[in-house]
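Below is one structure, written out as structure tokens; comments come after it.
Since every read-out is calculated from the coordinates, none of them should be taken as a lab result. Keep in mind that what you see is a predicted model, and the values were worked out from it rather than measured. Cβ placement follows ideal geometry from the backbone for every residue including glycine, while neighbour counts extend to all protein chains displayed.
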Amino acid sequence: MFIVNGKEIENSDGILLEKYINENGFKKERIAVEINGVIIKKSDYSNYVINKGDNIIIVSFVGGG
Amino acid sequence: MITEDEFYSNLIKRHTKEVHNKINSNKIAIAGIGGLGSYIAVSLARAGIGGLLLVDFDKVDISNLNRQHYSIKHIGKYKTEALKEQIKEINPFTDIKTLNKKVTSYNAADIFGQYKIVIEAFDIAEQKAMLVNTLLSQCKNTKIISASGMAGYKSANDIITKKINNRFYISGDFVTESDNTPLMPPRVMVCAGHEANMALRIILDETNP
């Protein structure tokens, strides 16, 4: 189990961050990802394996300003 | 003309000397001076900020007049110059620096790294994400206040400020995007007010939204 934006995610431990992002409707170029208090660089999305207990915050940006 | 003394005495009378000194000894960088950034800059200048860096590559266009702090006479001018000119008429004593440049992941740390507070006020979602990601990973002493979701005319009460971590705040309703909803002035101004207020709060040691 890990946590994304405060929600518990079951049965997905060990999934690649990039895969989680793609499968859950997030757009890689429009987000910022923090895991356990550390910002993850975009270039690391494809090799970060989500661990049991990770606390993940995905901030999505929408256009307008 | 009013003197610097008269100008600051008036602010001190309103804000107290302690508050004024904190605001006046800080400089803030604003990335993008369209609908959000132009209003953020004007409100911080009115509040007596010590200095501003205004960054934008764009020139004022007729399509900006619906929500940005520019007038018909500014059309065709660089936004940086048009905004600096206006701010100097409001608060001639704040130190305005300008940069006409497109911000990228390659130059962002150089442009903004020396600022303790950077306000993201871009229009395009990818640019917003790029700046936040770059500054959070490369500029460890910089706090960033960003914005996401302020198009349309849904309730202004949906626009809030969230603290993601000690260096990252975000204002907006987080969902209403300009790709499919037109930007209208009141909600853009509400969101600009949120960002500018969060900057003032950080300066005044109030680190929660």
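Observations on the structure shown:
- Debye-sum result for segment B:1-72 in log10 I(q)/I(0), which assumes one identical scatterer on each alpha carbon, at q = 0.13, 0.17, 0.26 Å⁻¹: -0.47, -0.71, -1.09
- Over 15 Å [Cα-Cα, chain A], rounded percent: 47 percent
- Residue order, fewest to most surrounding Cβ atoms within 10 angstrom, among B:Val132, A:Val38, B:Val19: A:Val38, B:Val19, B:Val132
- Alpha carbon centroid spacing (whole Å) that separates segment B:107-166 from segment B:21-65: 14 Å
- Cα-projected label distance for A:Asn5 with B:Glu126, points at 7 Å along beta-carbon direction, nm: 2.2 nm
- Most positive-pole-ward Cα, B:Asn165, B:His69, B:Cys139, against dipole of the protein assembly as shown from beta carbon charges: B:His69
- Of all segments of chain B bounded by chymotrypsin sites (Phe, Trp or Tyr not before Pro) found in a DSSP loop with no more than 12 other C-beta atoms within 10 Å, the longest spans B:1-105.
- Fewest-first sequence of B:Lys17, B:Lys162, B:Lys27, A:Lys7 by Cβ atoms within 10 Å of each Cβ: A:Lys7, B:Lys17, B:Lys162, B:Lys27
- With a 10 Å cut-off around each Cβ of B:117-129, the average count of Cβ atoms from other chains is 4.
- Size descriptor, Kirkwood hydrodynamic radius, that averages inverse alpha-carbon separations across segment B:118-209, Å: 13.3 Å
- Amide proton proximity set for B:Thr181, modelled H, under 5 Å, gap of 5+: none
- Rounded to the nearest 20 debye, the dipole magnitude of chain A is 240 debye, with +1 charges on Lys and Arg beta carbons, -1 on Asp and Glu beta carbons, and the Cα centre as origin.
- Sorted by Cβ density within 10 Å, fewest first, the residues B:Cys191, B:Cys139: B:Cys139, B:Cys191
- Cα-only radius of gyration and Dmax that characterise segment B:7-162, units Å: 15.7, 44
- Inter-chain shielding of B:134-146 (mean C-beta neighbours from other protein chains, 10 Å cut-off): 2
- Residues whose placed amide H lies under 5 Å from that of B:Lys59, excluding near-sequence neighbours: B:Lys79
- Flagged links, alpha-carbon separation over 25 Å, of B:Lys116/B:Lys154; B:Lys102/B:Lys140; B:Lys13/B:Lys116; B:Lys22/B:Lys116; A:Lys19/B:Lys101; A:Lys42/B:Lys143: B:Lys116/B:Lys154; B:Lys13/B:Lys116; A:Lys19/B:Lys101
- The protein assembly as shown: C-alpha pair distances exceeding 33 Å, %: 22 percent
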